[in-house]
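Asks: For reference, the structure I am asking about is given below.
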Amino acid sequence: MIENLRGRSTETKYGRIPLWLYETGIGLQAIATYGWLHGRYGHYERVMPSYATLAKELGVSRGSVIAYVKALVSVGAVRIETSGAAGRQTNLYAIAFNEPFGVPGQQTDGG
């Protein structure tokens with residue numbers, strides 16, 4: 001019986017990646033970042049990890065995380081809103097799943 005296999009945990013979280021994201025042409029590192037965001041934070045409507053937190057969790061540099069997140073924003077996979085006073089701003093991330101968010105300047109009629 002599969003339910004009784006050792007090492008199986010009902011607490012495991014999964015990062016699902018929608019197929020449309022692969023069709024955007026962004027790099028696999030950015031796609032992996034999306035998978036991490038979805039698996040770790042996807043059950044929240046909005047999340048607020050800092051770039052430093054994401055870099056630590058992903059085991060990459062802060063600059064790499066910034067590049068990956070910019071790539072995700074450019075294709076509508078993630079939307080960022082900032083809050084707080086200048087110099088102490090916090091990023092609020094919303095993660096798209098069923099379809100990408102609209103991106104200013106991009107055509108949205110499928111053509």
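Asks: What pairs can you find where one residue is in the stretch 29-45 and free of Cβ contacts under 8 Å to residues at least 60 places away in the same chain and β-branched (Val, Ile, Thr), the other is in a loop (DSSP other than H, G, I, E, B) and open to solvent by 10 Å² or more (accessible area, probe 1.4 Å), and their Cβ atoms are less than 7 Å apart, with a gap of 6+ or different chains?
Replies: Listed pairs, sorted by first residue: 31/17.
Asks: Looking at (1) exposed (fewer than 10 other Cβ atoms within 10 Å of the Cβ); (2) touching a helix residue (DSSP H, G or I) at 6+ places or on another chain (Cβ under 6 Å); (3) at pLDDT 85 or above, which is the one condition that is false for residue 55?
Replies: (1)
Asks: Please name all residue pairs, on different chains or six or more residues apart, with Cβ atoms under 7 Å, provided the first residue is in the stretch 71-85 and is on the phi < 0 side of the Ramachandran plot and small (Gly, Ala, Ser) and the second residue is surrounded by fewer than 20 Cβ atoms within 10 Å (Cβ to Cβ) and assigned to a strand (DSSP E or B).
Replies: Listed pairs, sorted by first residue: 83/90; 83/92.
Asks: Something else now. Consider residue 31 carefully, then state whether it is in contact with a helix residue (DSSP H, G or I) (Cβ under 7 Å, 6 or more places away or on another chain), surrounded by 15 or more Cβ atoms within 10 Å (Cβ to Cβ), not in a helix (DSSP H, G or I) and not basic (Lys, Arg).
Replies: Values: in contact with a helix residue (DSSP H, G or I) (Cβ under 7 Å, 6 or more places away or on another chain): yes; surrounded by 15 or more Cβ atoms within 10 Å (Cβ to Cβ): yes; not in a helix (DSSP H, G or I): no; not basic (Lys, Arg): yes.
Against the criterion (in contact with a helix residue (DSSP H, G or I) (Cβ under 7 Å, 6 or more places away or on another chain), surrounded by 15 or more Cβ atoms within 10 Å (Cβ to Cβ), not in a helix (DSSP H, G or I) and not basic (Lys, Arg)), residue 31 does not qualify.
Asks: Next question. Determine whether residue 62 is at pLDDT 90 or above and surrounded by 17 or more Cβ atoms within 10 Å (Cβ to Cβ).
Replies: On the way: at pLDDT 90 or above: yes; surrounded by 17 or more Cβ atoms within 10 Å (Cβ to Cβ): no.
So residue 62 fails the test.
The values are calculated or read from the model by the stated rules, or taken from the named source; none is laboratory data. Everything numeric in this text was worked out from a predicted model, so none of it was measured. For neighbour counting, all protein chains shown are included, and Cβ atoms are generated from backbone atoms with ideal geometry for every residue, glycine included. Protein only, heavy atoms only, side chains kept; ligands, DNA and RNA dropped before computing areas. Shrake-Rupley method; radii C 1.70, N 1.55, O 1.52, S 1.80 Å.
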